[in-house]
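K.L.:
Would you mind keeping the following structure in view while I ask a few things?
No value in this document is a laboratory result; all are computed from the given coordinates. Here the structure is a predicted model, which is why all the values come from computation and not from measurement. Because the Cβ atoms are built from the backbone with ideal geometry, glycine has one as well, and the counts that use them run over all protein chains shown.
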Amino acid sequence: MAKVILISQFPLPYPKIGSWTTLYQNYLNGDHAIDYIICEQPDEQFQNVEYGIVSQTLTLKLKKKYQKNNYIGYIEALEKIVVSGEKFIIQIVDNFGIIKPLQEFLESKGKRTQCYIQFFYHGFAPFYGNFESRNFYEFIDEMVLLTHDSYKAHKNYYTILPCRFSVLHNGIDENKFFKVSTEQKQKLREKLGLTSKTVFIWCSQDRPKKGLDLILDVWSRIYEKHTDCTLLVIGAKRDKTFAGVSFLGKIPNDELPQYYQAADAYLFPTLWHEGFGLSLIEALHCGCYSIASALGGVPEVLQHGDLGRLIENPHFVAEWIDAIDEFLLEKKEYPSLPEELYSKTAWNKGMNERIAEAKKSLGR
């Protein structure tokens, strides 16, 4: 039976917040099919998987410098595993840089036909230009994307695309992120000191493409008309104060659900082609009415408007004002998210299916 190797540029388990590292952590704590993880030394290790540790020794640093190969530690760890005549599925997540040294290693050792390369891409738009993509797509066996719309973007952009594609939607822990009753919501608001009639949330890393500055501009105009509402900003701080805005900074991941559960609406003003939007589905699972940019994979996540309000022109301040006004005046609701949709359970099942299909392709 083919063995599965995950090559991770982060130590796993990963102690910080991260979308795909969280997905794998959920998966590796359950019924998984990973046999080996190649990564740097984590603080602790999963007990039901073997490790190939990449130690950042002085010798390795010198090798990387003189061989001009930042991935040599990963390749050396891989070589210790693939010495046998077994077949292997090698999983790589968003690490485009390792593909060339991996290709050179497998071909030089005569191991390429023993391996099936699964590349998981958490962006949306094609990463490489049309011409420079050729070698990448000829080498990997399967590209796993977050949405079907991302596949369409790849299919329409590249003139040659010689590998398999599949889609695996992101999933969150439905045991942490779920909708609470009206009574529980009120208790959470009292606990968190939220006294406004309506509570909105923005939650992300504070980068320009995440749209916080745009939303703060929108909010200053909204608050002129609707003073009985609050915007909670999670993950960012500002020196300037804004009426009706509470900057909460970074919140531990385990504490996030209560903020979503206490809120009424979630604002997702991404200004780039977001791959999926993990915080968006966290908010949806907690019952938030969601208003989001119609960019990248977001329309598919919101089922093209069936699960949330899409802003077709997200760089236009007026469209956000109209959408928020409409919600405040009409209290429109969308259907509750099915528990299994975009869930950890569904992602784990989908990952096992992707591995099973890869094993079939390897002939074992």
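K.L.:
If R₀ is 30 angstrom, what is the calculated FRET efficiency for the pair Q205 and D228, using the beta carbon separation as r and rounding to 0.05?
P.N.:
According to the calculation, E is roughly 0.55.
K.L.:
Then there is this: Can you tell me which of S343, S108, S279 moves the most in a GNM of the chain? Springs connect C-alpha atoms under 10 Å apart.
P.N.:
Residue with maximal mean-square fluctuation among S343, S108, S279: S108.
K.L.:
Additional query: Count neighbours as other Cβ atoms within 10 Å of each site's Cβ, and list the GluC sites (Glu not before Pro) in the stretch 239-340 that are DSSP loop with at most 15 such neighbours.
P.N.:
Sites meeting the loop and neighbour criteria: E312, E333, E339, E340.
K.L.:
Also, quick follow-up: What does the extension gain come out to for E312 and E255, with contour length at 0.36 nm per residue minus their alpha carbon separation?
P.N.:
This chain segment gains 17.3 nm when fully extended.
K.L.:
Still on this structure: Residue by residue through the stretch 320-335, what is 3J(HN,Hα) from phi via Karplus (6.51 cos²θ - 1.76 cosθ + 1.60, θ = phi - 60°)? Round to whole Hz and write x for glycine and proline.
P.N.:
So the Karplus estimates, Gly and Pro as x, are 5, 4, 4, 5, 5, 4, 4, 5, 5, 8, 10, 6, 5, 10, 10, x Hz.
K.L.:
Over the stretch 1-155, what is the relative contact order in percent, taking alpha-carbon pairs closer than 8 angstrom and at least six residues apart?
P.N.:
21
K.L.:
Related question: With a cap of 11 neighbouring Cβ atoms within 10 Å, and only residues DSSP puts in a loop, list the GluC sites (Glu not before Pro) found in the stretch 64-146.
P.N.:
Passing sites in the stretch 64-146 are E132.
K.L.:
Grab the other residues whose beta carbon is less than 15 angstrom from that of A323, score K and R as +1, D and E as -1, and report the net.
P.N.:
Net of charged neighbours comes to -4.
K.L.:
Given the stretch 135-262, what percent of its DSSP beta bridges are antiparallel, to the nearest 5?
P.N.:
0
K.L.:
If you stretched the chain out fully between K179 and F127, how much longer would it get, using 0.36 nm times the residue separation minus the C-alpha to C-alpha distance?
P.N.:
Here the segment from K179 to F127 would lengthen by 15.1 nm.
K.L.:
GNM, the chain, Cα, under 10 Å: largest mean-square fluctuation among P335, P126, P13?
P.N.:
P335
K.L.:
Determine the sum of side-chain charges near D206: Lys and Arg each +1, Asp and Glu each -1, restricted to other residues whose C-beta is under 13 angstrom from that of D206.
P.N.:
+4
K.L.:
Only Lys, Arg, Asp and Glu count, each charged at its Cβ (+1, +1, -1, -1), so figure out the dipole size of the chain about its Cα centre, rounded to 20 debye.
P.N.:
Result for the chain is approximately 1060 debye, rounded to the nearest 20.
K.L.:
Filter the trypsin sites (Lys or Arg not before Pro) in the stretch 330-362 down to the DSSP loop ones having no more than 13 other Cβ atoms within 10 Å, then list what survives.
P.N.:
K331, K332
K.L.:
At 7 Å along the Cα-to-beta-carbon direction for both R134 and K191, put a label point, then send me their distance in nm to one decimal.
P.N.:
For the pair R134/K191, the computed spacing is 5.9 nm.
K.L.:
Continuing with the same structure: Find the relative contact order for the chain and round it to a whole percent, using C-alpha pairs within less than 8 Å whose residues are 6+ positions apart.
P.N.:
16
K.L.:
Take the Cβ-Cβ distance between E353 and F165 as r, set R0 to 25 Å, and report the resulting FRET efficiency rounded to the nearest 0.05.
P.N.:
Efficiency, rounded to the nearest 0.05: 0.95.
K.L.:
To the nearest 10 degrees, how steep is helix 58-67 against the longest Cα principal axis of the chain, on a 0 to 90 scale?
P.N.:
80
K.L.:
In addition: Provide the net charge surrounding L146, with neighbours chosen by a C-beta distance below 10 Å and charges set as Lys +1, Arg +1, Asp -1, Glu -1.
P.N.:
That sum, taken over residues with Cβ under 10 Å, equals -3.
K.L.:
Once R0 is set to 51 Å, what does the formula 1/(1 + (r/R0)^6) return for the Cβ-Cβ distance between S84 and Q303, expressed as a FRET efficiency to the nearest 0.05?
P.N.:
The value I calculate is 0.65.
K.L.:
Once amide H atoms are built 1.01 Å from N in the peptide plane, which residues 5 or more positions from C115, or in another chain, come under 5 Å H to H?
P.N.:
F88
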